[in-house]
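A.B. asks: The structure under discussion is supplied below as C-alpha cells; questions concerning it will follow.
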Amino acid sequence: MSADQLPTQSTPEAAGTESLAAQFVKFAPYAQFAPCAPFVPLRHVQTPADVRALALTPLDQAIQPRSTCELIRNAALAFGDKTALTFLPTAEPDPRPDAPSICWSYAQLLARVHQTANALFKLGLHHDEAVAVLLPACLEYHLALWGGAAAGIVQPLNPLLSDDKLVSLMNAAQARVLIARAT
C-alpha cells in the first residue's frame, strides 16, 4: 500500500462529530485495556531543578500509557485542537502560496493514526506481525510509524539502503505489509 492510498472513509474533519472517548472505545487495539486517565502533567517544568526532579521520577509514574498510540490518544483528549504537528513542504524561509505549511491538531493526528491502523487491519495485519515503512521524512511517515505500531510491529527502513539490503531486512522481519511512496 502506498502512503497516497490510505483510505479516507474516516477523516479527521469528521472526527469532530464523534467524541474522542467514543473513537477510543471503537478502536480495536484498545479493546483489551481499560482506558487510563488522560494525560495530565505530573508537575510544571520551569527550572533546571524541575528537570532534575522529573528525571528522578520512575518511568511508570511519569508515563502511564502502555503504548505510543495510547499516548497520542491521551494527548488528543488533553489538547484536542492544539497543534501537534506542523509540516513545512519546503525549506524556504518565506512560505510560498503554492506550498503552505500543513498543521494537524492532536485530534486530527489521532484520527489519522486510527485510520492508518484500521487500514492495516483490513489488509489482514495482526498485532504480532511486522509492517515495513519505507518513507522519507514526511507527514505520512508519522502515520505509518504510529498507525503501524497500533496495528502491529513497525519496521522502519532507511530509503538510502540498496534494494538487496531492504529485501533482506524485510525478509528477516517477515514483514507482511510495506508502506512506501508510489513513484
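The values are calculated or read from the model by the stated rules, or taken from the named source; none is laboratory data. Owing to the predicted nature of the structure, the values given are computational and were not obtained by experimental measurement. For neighbour counting, all protein chains shown are included, and Cβ atoms are generated from backbone atoms with ideal geometry for every residue, glycine included.
Conditions (1) surrounded by fewer than 19 Cβ atoms within 10 Å (Cβ to Cβ); (2) under 24 Å from Gln155 (Cα atoms), marked per residue:
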residue	(1), (2)
Pro48	yes, no
Leu54	yes, no
Pro65	yes, yes
Leu71	yes, yes
Phe87	yes, yes
Arg96	yes, no
Cys103	yes, no
His114	no, yes
Leu120	no, yes
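A.B. asks: Are any of the residues in the range 133-140 closer than 27 Å to His44 by Cα and modelled with pLDDT of 90 or more?
C.D. replies: There is no residue in the range 133-140 that is closer than 27 Å to His44 by Cα and modelled with pLDDT of 90 or more.
A.B. asks: Somewhere in the range 57-65, is a residue over 21 Å from His142 (Cβ atoms), among the hydroxyl-bearing types (Ser, Thr, Tyr), modelled with pLDDT of 90 or more and not in a helix (DSSP H, G or I)?
C.D. replies: Kept after step one, since they are over 21 Å from His142 (Cβ atoms), are these residues of the range 57-65: 57-62, 64.
After this cut, where a residue has to be among the hydroxyl-bearing types (Ser, Thr, Tyr) as well, the list is 57.
When the remaining residues are screened for being modelled with pLDDT of 90 or more, the result is none.
No: the range 57-65 contains no residue that is over 21 Å from His142 (Cβ atoms), among the hydroxyl-bearing types (Ser, Thr, Tyr), modelled with pLDDT of 90 or more and not in a helix (DSSP H, G or I).
A.B. asks: Pick out the one residue from Ala53, Ala91, Ala137 that is more than 26 Å from Ala182 (Cβ to Cβ) and either in a strand (DSSP E or B) or aliphatic (A, V, I, L, M) (or both).
C.D. replies: Ala53
A.B. asks: All but one of (1) out of contact with any helix residue (DSSP H, G or I) (no Cβ under 6 Å at 6 or more places or on another chain); (2) part of a loop (DSSP other than H, G, I, E, B) hold for Ala119; state the number of the condition that does not hold.
C.D. replies: (2)
A.B. asks: What residue, of Phe39, Phe87, is at pLDDT below 75 and more than 24 Å from His127 (Cα to Cα)?
C.D. replies: Phe39 is the lone residue from the list that is at pLDDT below 75 and more than 24 Å from His127 (Cα to Cα).
A.B. asks: Which one is farthest from the chain's Cα centre (by Cα) among residues in the range 149-174 that are assigned to a loop (DSSP other than H, G, I, E, B) and over 27 Å from Cys103 (Cα atoms)?
C.D. replies: Here the residue is Ser162.
A.B. asks: Look at the range 127-148 and say how many of its residues are over 10 Å from the mean Cα position of the chain (by Cα) and in contact (Cβ under 8 Å) with a residue 40 or more places away in the chain. I'd like the intermediate steps shown before the answer.
C.D. replies: Step one: of the range 127-148, the residues over 10 Å from the mean Cα position of the chain (by Cα) are 127-138.
Subset that is in contact (Cβ under 8 Å) with a residue 40 or more places away in the chain: 127, 129-136, 138.
Number of matching residues: 10.
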